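What follows is a short report on a single structure.
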Amino acid sequence: MGRTRLVLAACLGAAVVVGGRSLWAGERPEPNGPAPEESRWELRQKIGQLLELPDDRLLAELEKWPRFQQMDLDRKGKLLERIARMRVERHREAEREAERLGLKLSGDRKAAFERRYWQRREEIARRLWQETEGERKALREKMEKDLRAEFASQEG
């Protein structure tokens, strides 16, 4: 399975589990709810936190989520498989980065590097997200205004 398909499958699976932010077939977003970008950011945060949990804690956290509780055993198994694949991909990416940096790590240092790598990546992403918040909001408002103007008069 290619990386893009893996990421899409993982995001889809996680979206089903997170609940409250993803939509089931036939559901509609709330008119004054959060913008899709905000929902994706929250989802990304939750996925990242899940991937770092040991298996026993992962299952305990998932069991707290209503959407996970509603899944049959087969769907739960598929979701756990997706999470396992995401963990492997995440681990491989950290290993590639250590290699690219010319680091030869083993044991505890390797695990510490991986945790720090993902922590720093998340800090960068959060900072960039915050720095562009105003611009994203303005662009989204403009898009919504343009779409309303274009399609409001074409009821039907």
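Residues in segment 121-156 that are open to solvent by 90 Å² or more (accessible area, probe 1.4 Å), of a type in the set (Asp, Glu) and more than 30 Å from Glu52 (Cβ to Cβ): Glu135, Glu141, Glu150, Glu155. Report yes if Glu97 is open to solvent by less than 90 Å² (accessible area, probe 1.4 Å), more than 19 Å from Asp55 (Cα to Cα), modelled with pLDDT of 95 or more and under 19 Å from the mean Cα position of the chain (by Cα), otherwise no. No, not satisfied.
The residue pairs whose first member lies in segment 63-82 and is under 19 Å from Leu51 (Cβ atoms), whose second member is of a type in the set (Val, Ile, Thr) and in a helix (DSSP H, G or I), and whose beta carbons are closer than 6 Å, counting only pairs six or more residues apart or on different chains, are Trp65/Val17; Arg67/Val16; Arg67/Val17; Phe68/Val17. Among the residues making up segment 92-112, a single one is under 24 Å from Leu43 (Cα atoms) and in contact with a helix residue (DSSP H, G or I) (Cβ under 7 Å, 6 or more places away or on another chain): Ala94.
Criterion applied to Glu27, Glu42, Glu63 was being closer than 30 Å to Leu139 by Cα and modelled with pLDDT of 65 or more, and the one residue passing it is Glu42.
The values are calculated or read from the model by the stated rules, or taken from the named source; none is laboratory data. These numbers come from a predicted model, not from an experiment. So basically every Cβ, Gly included, is an ideal-geometry build from the backbone, and we count neighbours across all protein chains shown. Calculation scope for accessible area: heavy atoms of the full protein, side chains included, ligands and nucleic acids excluded. Shrake-Rupley method; radii C 1.70, N 1.55, O 1.52, S 1.80 Å.
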